[in-house]
Structures are given as C-alpha cells and as structure tokens.
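What follows draws every value from the coordinates through simple rules; no lab data is involved. Every value quoted in this text rests on a predicted model; they were computed, and no experiment measured them. Here Cβ is always computed from backbone atoms with ideal geometry, including for glycine, and neighbour counts include all displayed protein chains.
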Amino acid sequence: MLVGRSIVVVAADQGLRRSVAFALEVEGYPTESYDTVQKAEASSREALCTILDDEMLKSELLAATQLLKDIGRRAILLVDGLSALQPRADYAILTKPFTGADLLGMINSQTEAAK
C-alpha cells in the first residue's frame, strides 16, 4: 500500500459506499467516500485509485465519463452483470456482486502498476 494516498469510493447507494470503504479500511487502506462525482473530483486526482459505481454514469453521465477519462488506469468501475459496457483499456471493470478478495486483488494490481 502507498502510505498517504487514499482510495476514493463514489456511489449514490450509501450501503455500497460503506461496504466498499469498510472492506478497504479493514485492510489498512484510507478511504474517502462521496455520493456524487462532482464532490469526488478533486480527491480523485490525488487518490491511489477511485472506485466508481456504474449507477453514477446514469445520474451524472458527463461528469462520470470525464472523471474516468481523466484518471484512466487509476479507476475501477463497478458494474452489474446486465451492464452493456464493454471492457476498456483505460480503466478496470469489476462486476457486482464481488468479494473482498476480488476488490483487493484489483486494488493491489493497480498499486503495483502505480509503482
């Protein structure tokens, strides 16, 4: 883990935000949670990575799309199995439901890539 850099969690669903943040904090990752993309933008620029729920693409399409473009490989998009999104090279996709191990594996891969 890179000390001093947090993981930003962006989801409209409070339960999802809390669950993801809790799973990461138990493993020693500092987190910041937001319910809108606009609130998360500044923190996402400095974060180790940003985890964005795909529901944000429905409620804040332009802001969410721009955020994914801006932070690229430091983004993880959480999608449901019904999502029509195609895998992208510039950000990672994690399908819901996922396990803590799945999430941590993806975070660890991004941490290694950031070194």
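So the values come out like this:
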| item | result |
| --- | --- |
| Burial order of peptide ranges 97-104, 67-74 (average beta-carbon count within 10 Å, highest first) | 67-74, 97-104 |
| The chain, helix-only ellipticity at 222 nm - DSSP H runs n ≥ 4, -39,500 (n - 2.57), divided by all residues, nearest 500 | -14000 deg cm²/dmol |
| Inter-label distance for Lys58 and Arg73, nm, one decimal - labels placed 7 Å from Cα along Cα-to-Cβ | 3.2 nm |
| Sorted peptide list for 17-30, 47-60, criterion being average Cβ within 10 angstrom, highest first | 47-60, 17-30 |
| Extension gain, Thr36 back to Gln14 (0.36 nm per residue minus Cα-Cα distance, nm) | 6.8 nm |
| Whether the chain is rounded, prolate or oblate, judged on the alpha carbon gyration tensor where a/c under 1.5 counts as rounded | rounded |
| Zone residues, the range 48-81, relative to Thr95, backbone N less than 13 Å from point 7 Å out along Cα-to-Cβ | 79-81 |
| Computed lengthening from Asn108 to Glu46, 0.36 nm per intervening residue step minus Cα-Cα distance | 20.6 nm |
